[in-house]
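Working notes, structure below.
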Amino acid sequence: MSRILAIDYGEKRTGIAVTDDFQIIASGLTTVATEDLFTFLNDYLQKEKVEKILVGEPKQMNGQPSQSADKIDKFCAQFELQFPTTPIIRVDERFTSKLAFKTMIDSGLKKKQRQNKALIDEISATILLQDYLARKL
């Protein structure tokens, strides 16, 4: 089998999570500067077999797209041009940052560690991926 990669796209930073080869376990992979995202993805996709990419789709509480939706749409369009054989699946990302922060508290991280926005982005991507895997079963 191959992996599934999840992306929590942000204006400055992008959190990335990945499954194992059997698509059972979701783990945080890294957080990269968004300006370096395509370089990272190009390198990663050359080294690892990835079946699909999940991209968080930001929505407001009423289900309408959020302000950042245009930027994510542009990212997805550029991704499809660069990597036409790797499908993108858009997934609702509402509450992932709040869940990530709660996860950090529940795991006992100190306040200074919880202020690490890169870690929040990575955990958010992991939550996106875990939710997708749970729905897939």
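Key figures
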{"item": "Residue list for the range 26-44, filter: surrounded by fewer than 19 Cβ atoms within 10 Å (Cβ to Cβ) and touching a residue at least 12 places away in the same chain (Cβ under 8 Å)", "result": "SER27, THR30, ALA33, THR34, PHE38, PHE40, ASN42, TYR44"}
{"item": "Residue within the range 32-49 that is more than 13 Å from the chain's Cα centre (by Cα), assigned to a loop (DSSP other than H, G, I, E, B) and at pLDDT below 95 present", "result": "no"}
{"item": "Lone unmet requirement of (1) at pLDDT below 85; (2) touching a Ser or Thr at 6+ places or on another chain (Cβ under 9 Å) for GLN67", "result": "(2)"}
{"item": "All positions within the range 72-89 that are modelled with pLDDT under 95 and surrounded by 15 or more Cβ atoms within 10 Å (Cβ to Cβ)", "result": "ILE72"}
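The values are calculated or read from the model by the stated rules, or taken from the named source; none is laboratory data. Keep in mind the model is a prediction, meaning the values are calculated, not measured. All Cβ positions, even for glycine, are placed from backbone atoms using ideal geometry, and neighbour counts span all protein chains on display.
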